[in-house]
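The values are calculated or read from the model by the stated rules, or taken from the named source; none is laboratory data. In this text the structure is predicted, and so the values were computed from the model without any measurement. Neighbour counts run over all protein chains shown; Cβ positions are idealised from the backbone, glycine included. Side chains included, ligands, DNA and RNA excluded: accessible areas come from the protein's heavy atoms. Shrake-Rupley method; radii C 1.70, N 1.55, O 1.52, S 1.80 Å.
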Amino acid sequence: MQLTRSRPLRVGTRGSALALWQTERVREALAAWGLESERIEIRTTGDVVTHLPLSRIGSRALFTRQLDDALLEGRIDLAVHSLKDLPTRLPEGIAIGAVGLREDPRDALVARPGLAWASLPRGATVATSSLRRRAQLLRARPDLSIADIRGNVDTRLSKLDRDPEWSAIVLAAAGLIRLGLDARITERLPFDVMLPAPGQGALAATARTGDDRALAAVRAALHDDRTALAVAAERAFLRRLEGGCQVPVAAHATVGNAGGRPEVRLVGRVTSLGGDAVAEGEQAGAVPSVEAADELGVALAERLLGEGAGAILDGVRATALPQPIPEP
């Protein structure tokens, strides 16, 4: 495929170390196709409002809205995201152009020296910014005390190092690995303890729906078909449950083969904030297309809604009420 452009592609990104790492990997992939690009850093609501837990901020586009605005206004041509941060319903005029190969999707326990998941003392304090992680931690260990933590990866690690009251924090393994901080990982939590966020570990690039050159360029440079099938099922599951950062919904899909065609196995879990109620299950089937993967995710969500997930989510939404926030 021959891809040309009269000027460099303008690639928008958040300014965190992890976001910049991800954007540079996308730019390297574009360069391998002979495409020049420039990086444009944009502050988002999630970057500015760090004093509130994510569940109290009320927006489903905490880390994406300002990037979306820049796309729609023509100030950038592409935006790079951690896929788990992307709302399942994108603004009109914006599409996912590519989904990149996935890093380890698991959550990582980063504990004080000498501690591990099995040896956390009774009543230990574990910090996380995620309702999904909080709910699953309490499901597995109701005795734990959960503290809230915000900030980029380095900030969270520094808070753990400074606060002697905290035994551990939980972060996405992918972010630690990408930043060269995998030595800080005490252990990668198994899925029976901690199922990840839909899309966790995958990169996504968005573009304007009418910008065929940008869409074609990033798809050729970055897209991985098998990852796209897996995350399509996960995101459809989340979308049907009307979830986001404010809702403890977890999902993970794997892609195998059935008679020469891709087959997706999706596991989903919805957990109450106190960890005392859970609805979970799995769905598998041949998925010849992203649309079929989407249907599989919706089917699992529908089943779990009938098995208690709806009541759990109603309780969560009644508890985690958003607060007004300033514009960045």
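Before moving on, here are some points about what is shown:
- Number of the exception - Gln200 against (1) of a type in the set (S, T, N, Q); (2) buried (at least 17 other Cβ atoms within 10 Å of the Cβ); (3) not in a loop (DSSP other than H, G, I, E, B): (3)
- Hits in the stretch 112-128 - residues which are more than 13 Å from Leu189 (Cα to Cα) and not in a loop (DSSP other than H, G, I, E, B): Ser119, Thr125, Val126, Ala127, Thr128
- Index of the failed condition, Asp276 passing every other in (1) touching a Gly at 6+ places or on another chain (Cβ under 7 Å); (2) open to solvent by 40 Å² or more (accessible area, probe 1.4 Å); (3) at pLDDT 95 or above; (4) not in a strand (DSSP E or B): (1)
- Taking the conditions (1) open to solvent by 30 Å² or more (accessible area, probe 1.4 Å); (2) over 30 Å from Glu24 (Cα atoms) in turn, Ala124 satisfies each one other than (1).
- Residue within the stretch 77-88 that is surrounded by fewer than 15 Cβ atoms within 10 Å (Cβ to Cβ) and farther than 21 Å from Thr319 by Cβ present: no
- Some residue of the stretch 104-118 being surrounded by 14 or more Cβ atoms within 10 Å (Cβ to Cβ) and without any contact (Cβ under 8 Å) to a residue 60 or more places away in the chain: yes
Every residue, every condition in (1) modelled with pLDDT of 95 or more; (2) over 14 Å from Asp211 (Cβ atoms); (3) charged (D, E, K, R), yes or no:
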{"position": "Ser16", "(1), (2), (3)": "no, yes, no"}
{"position": "Leu20", "(1), (2), (3)": "yes, yes, no"}
{"position": "Leu52", "(1), (2), (3)": "no, yes, no"}
{"position": "Arg56", "(1), (2), (3)": "no, yes, yes"}
{"position": "Ile76", "(1), (2), (3)": "yes, no, no"}
{"position": "Asp85", "(1), (2), (3)": "no, yes, yes"}
{"position": "Gly97", "(1), (2), (3)": "yes, no, no"}
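- Whichever residue in the stretch 147-162 is open to solvent by 50 Å² or more (accessible area, probe 1.4 Å) and touching a residue at least 40 places away in the same chain (Cβ under 8 Å) and, among such residues, is farthest from Pro196 (Cα to Cα): Asp154
- Test set (1) at pLDDT below 95; (2) surrounded by fewer than 23 Cβ atoms within 10 Å (Cβ to Cβ); (3) of a type outside the set (Gly, Ala, Ser) - Glu36 fails condition number: (1)
- Qualifying residue in the stretch 186-195 (condition: surrounded by fewer than 24 Cβ atoms within 10 Å (Cβ to Cβ) and in a helix (DSSP H, G or I)): no
- Qualifying positions in the stretch 170-213 - touching a Phe, Trp or Tyr at 6+ places or on another chain (Cβ under 8 Å) and of a type in the set (Ser, Thr, Tyr): Thr186
- Tallying residues that are open to solvent by 10 Å² or more (accessible area, probe 1.4 Å) and either among the hydroxyl-bearing types (Ser, Thr, Tyr) or more than 12 Å from the chain's Cα centre (by Cα) (or both) within the stretch 163-179 yields 8.
- Across the stretch 129-146, the number of residues qualifying as outside any helix (DSSP H, G or I), open to solvent by less than 20 Å² (accessible area, probe 1.4 Å) and modelled with pLDDT of 95 or more comes to 1.
- Positions within the stretch 69-111 being under 17 Å from the mean Cα position of the chain (by Cα) and part of a helix (DSSP H, G or I), in sequence order: Leu83, Lys84, Asp85
- Inside the stretch 203-233, residues that are more than 18 Å from Ala251 (Cα to Cα) and within 16 Å of the chain's Cα centre (by Cα) make up a count of 2.
- Subset tally (residues that are open to solvent by 40 Å² or more (accessible area, probe 1.4 Å) and assigned to a loop (DSSP other than H, G, I, E, B)) for the stretch 247-272: 2
- The sole residue among Ala220, Ala216, Ala207 that is over 26 Å from Arg132 (Cβ atoms), of a type in the set (Gly, Ala, Ser) and part of a strand (DSSP E or B) is Ala207.
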